[in-house]
1. Past 22 Å, Cα to Cα, is the threshold; run K173/K221; K142/K190; K83/K229 against it and keep the listed order.
2. Which net charge results when you count Lys and Arg as +1 and Asp and Glu as -1 among the other residues whose beta-carbon is under 10 Å from that of G120?
3. Just check the range 118-199 against the gyration tensor rule for me: Cα atoms, a ≥ b ≥ c as the square roots of the eigenvalues, rounded for a/c under 1.5, and otherwise prolate or oblate depending on whether a/b exceeds b/c.
4. Can you give the net charge of the other residues whose Cβ lies under 14 Å from the Cβ of M129, counting K and R as +1 and D and E as -1?
5. Grab the Cα-Cα distance for V97 and D49, subtract it from 0.36 nm times how many residues apart they are, and report the gain in nm with one decimal.
6. Quick one: net charge around S266, please, counting Lys, Arg +1 and Asp, Glu -1 for every other residue with C-beta under 15 Å from its C-beta.
7. With the Cα gyration tensor of the range 115-269 in hand, give its eigenvalues times 5 under a square root as the equivalent ellipsoid semi-axes, listed largest first in whole angstrom.
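Taken together, the values in this text are just the output of simple stated rules run on the coordinates, not laboratory data. The shown structure was predicted, so the numbers you read here are calculated from the model rather than taken from an experiment. Every residue, glycine among them, receives a Cβ derived from its backbone with ideal geometry; neighbour counts consider all protein chains shown.
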Amino acid sequence: MFKLLAVLALVSASVAHRYKGGHYRQTKNATYDYQSLTWDEAHEYEECDGFVDSYDEQDEGVGKDGAEALNDMHHFMSRHHPKRMEDICIDVEAGPVCPDFHRDNSAGHCGFETVIIPKGKWMVADIDMADEMGVRNAYKGKIFYKYRGPHKIRFVYPAMVKWQLNKNGERVKGEIAMYLPAEHQSNPPKSEYNEVRIEEWDETKVYLRPYGGYRDDAEFKQQFTLLRKAVGMAGLSYKDNEEWEAGYTYLRYGRQRIEAMVLDSSYKA
């Protein structure tokens, strides 16, 4: 009888891990009335004339052509306003779950937000560029299972993906990184595996466009084109051999936020 109960407990835990249900805490943003926000209010900077694609906010669980989300997961199946930072970075139980990035709406310019990422330590793993699921596997198989999990390090947003570009603008190398929480910044646990390393990054200025949707969306890839155009229109310089992505939300649970970033090429802290 004891063995049977133990097996049932393991099965239940496994199912719960795969599907957290419609009540999962990151879906609670449904109480916020995003549909009443203007585009600029939702994205927290002024958009450039001619940049905004017309699209309608979709109801949770309903996508293009009226398709419904399966299993009551309540995720947005098409493009939507990104989840706002004020609804992400404070967890009622854990407290602050984001590092202290300084955000500025780039007043006087249009089409992007300016963010200063402070100097700090990150856990970093390489992405297998030949693996279709390279980003996911680098996080799950390396950072989580070989570092975060064993050392019981709490989750801190964002998950940062850094891409190196060749002269044709093609991605040739990738890394995924997560910021170490404040309690581990001064003395991070030693990594026991070569696949995960601890790096200290210098303070960096980035320009970004937040997006409500998913990394694989064609519209998300377009954000990099619009971002570079907007930064160039503002007379600012950026590194043309690098682009970053910052993910702030649990994939497919509730309103999403992913940011397309380029780095200021002349910034010195």
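1. Pairs exceeding 22 Å: K83/K229.
2. Details: positive: K119, K121; negative: D100, E199, E200, D202, E203.
Around G120, the charge tally is -3.
3. Because a/c hits 1.5 or more and a/b exceeds b/c, the range 118-199 counts as prolate.
4. Working: positive: R136, K162, R171, K173; negative: D126, D128, D131, E132, E170, E175.
So the environment of M129 carries a net charge of -2.
5. This chain segment gains 13.8 nm when fully extended.
6. For residues surrounding S266, the net value is -2.
7. Equivalent-ellipsoid dimensions as semi-axes: 26, 18, 15 Å.
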